[in-house]
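Reading through the C-alpha cells given below for one structure.
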Amino acid sequence: GAGVSQTPSNKVTEKGKYVELRCDPISGHTALYWYRQSLGQGPEFLIYFQGTGAADDSGLPNDRFFAVRPEGSVSTLKIQRTERGDSAVYLCASSPTGGGMNTEAFFGQGTRLTVV
Amino acid sequence: GDSVTQMEGPVTLSEEAFLTINCTYTATGYPSLFWYVQYPGEGLQLLLKATKADDKGSNKGFEATYRKETTSFHLEKGSVQVSDSAVYFCALSVKTSYDKVIFGPGTSLSVIP
C-alpha cells in the first residue's frame, strides 16, 4: 500500500500475556518511529529506528517493551507481561530520512491495545 | 525538558465561525513547529508546519505563525466547516540528529451546522 500499515487494528489481551504489534512503513523510508497515545492525550515517543538499529529507545517505559526492525523495513513492537496501564493506541510513523531534516513523518492508523 | 501546551477542549463552534487554538512551547534551541490533525477513524496527518521564527504555515485555510518572542504557534481559520471536526495536535521537532516529534495533548474541535 501507499501508506504506513499497522496490524492488527485492534487487539484485546489478558493481563500478563505477551503481544506483538506490527508496522509496515512506506517503502524506502529509512526512519521509523513508535508512539503511544493514551486516551485524551497526545502521542508519546517510544522509540526511533534508523535502518535496522534503534537509534533512540529512551521513550520505552520499561523493560517489558521491546521493538525490532531486523531488515530495516517492517518493525514489531513487543510487550511482555501486559498490564492494564498498557492499554492505549500504539502509533507507527515513517519518514524518508529522519536525519534531522524536518521531513514529514507519515503515521499509520494505529493499533488499539486493550488489556483486560 | 521540551514540551507543548495547548488549549483544552473540547471546542464547539458553529459553521463559518472563526477558530483559534492556542499553542505554546518550551524548547532548547529553535525547534520546528507543527500542527497535526486526526479526523475521526483516521491516522494523524500533518496539517502545516513552520521551521523558523516568523514563518507562517498554511494549508486548507488554516494558518499558524511561528512566534519566537512569545514561544507560540496558534492555529487559526477564518471560517470553519463541519468537515473540520477533528482533534488537533500542536507539536515540535527538536533539532537532534533526527526528527523526534513531541506532541501536545490535543484539542478536540466539533463544528455544528
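The values are calculated or read from the model by the stated rules, or taken from the named source; none is laboratory data. For clarity, every value in this text was computed on a predicted model and none was experimentally measured. With ideal geometry, Cβ positions are generated from the backbone for all residues, glycine too; neighbour counts draw on all protein chains shown. Surface accessibility is based on the protein's heavy atoms, side chains included, excluding ligands, DNA and RNA. Shrake-Rupley method; radii C 1.70, N 1.55, O 1.52, S 1.80 Å.
Figures for the structure shown
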| item | result |
| --- | --- |
| Breaking point among (1) in contact (Cβ under 8 Å) with a residue 24 or more places away in the chain; (2) open to solvent by 40 Å² or more (accessible area, probe 1.4 Å); (3) not aromatic (Phe, Trp, Tyr), for residue A:70 | (1) |
| Selection from segment B:64-93 of residues that are within 20 Å of residue B:30 (Cα to Cα), charged (D, E, K, R) and assigned to a strand (DSSP E or B) | B:67 |
| Restricting segment A:9-33 to residues that are of a type in the set (D, E, K, R) and not in a strand (DSSP E or B), the residue that is surrounded by the fewest Cβ atoms within 10 Å (Cβ to Cβ) | A:14 |
| Qualifying residue in segment B:95-104 (condition: under 13 Å from the mean Cα position of the chain (by Cα), surrounded by 14 or more Cβ atoms within 10 Å (Cβ to Cβ), at the interface with chain A (Cβ under 9 Å from one of its Cβ atoms) and outside any strand (DSSP E or B)) | yes |
| Hits in segment B:1-51 - residues which are of a type in the set (Ser, Thr, Tyr) and assigned to a strand (DSSP E or B) | B:3, B:5, B:12, B:14, B:20, B:24, B:25, B:26, B:32, B:36 |
| Residue, least open to solvent (accessible area, probe 1.4 Å), within segment A:41-67, restricted to residues that are outside any strand (DSSP E or B) and more than 18 Å from residue A:111 (Cβ to Cβ) | A:51 |
| Considering residues of segment B:68-83 that are more than 21 Å from residue B:11 (Cα to Cα) and touching a strand residue (DSSP E or B) at 6+ places or on another chain (Cβ under 9 Å) only, the residue least open to solvent (accessible area, probe 1.4 Å) | B:71 |
| The listed residue being open to solvent by less than 70 Å² (accessible area, probe 1.4 Å) and more than 29 Å from residue A:39 (Cβ to Cβ), out of B:91, B:53, B:64, B:86 | B:53 |
| Count of segment B:52-63 residues which are more than 28 Å from residue A:89 (Cβ to Cβ), in a loop (DSSP other than H, G, I, E, B) and not small (Gly, Ala, Ser) | 3 |
| Residue check for residue B:28: in contact with a Gly (Cβ under 9 Å, 6 or more places away or on another chain) and either open to solvent by 40 Å² or more (accessible area, probe 1.4 Å) or within 14 Å of another protein chain (Cβ to nearest Cβ) (or both) | yes |
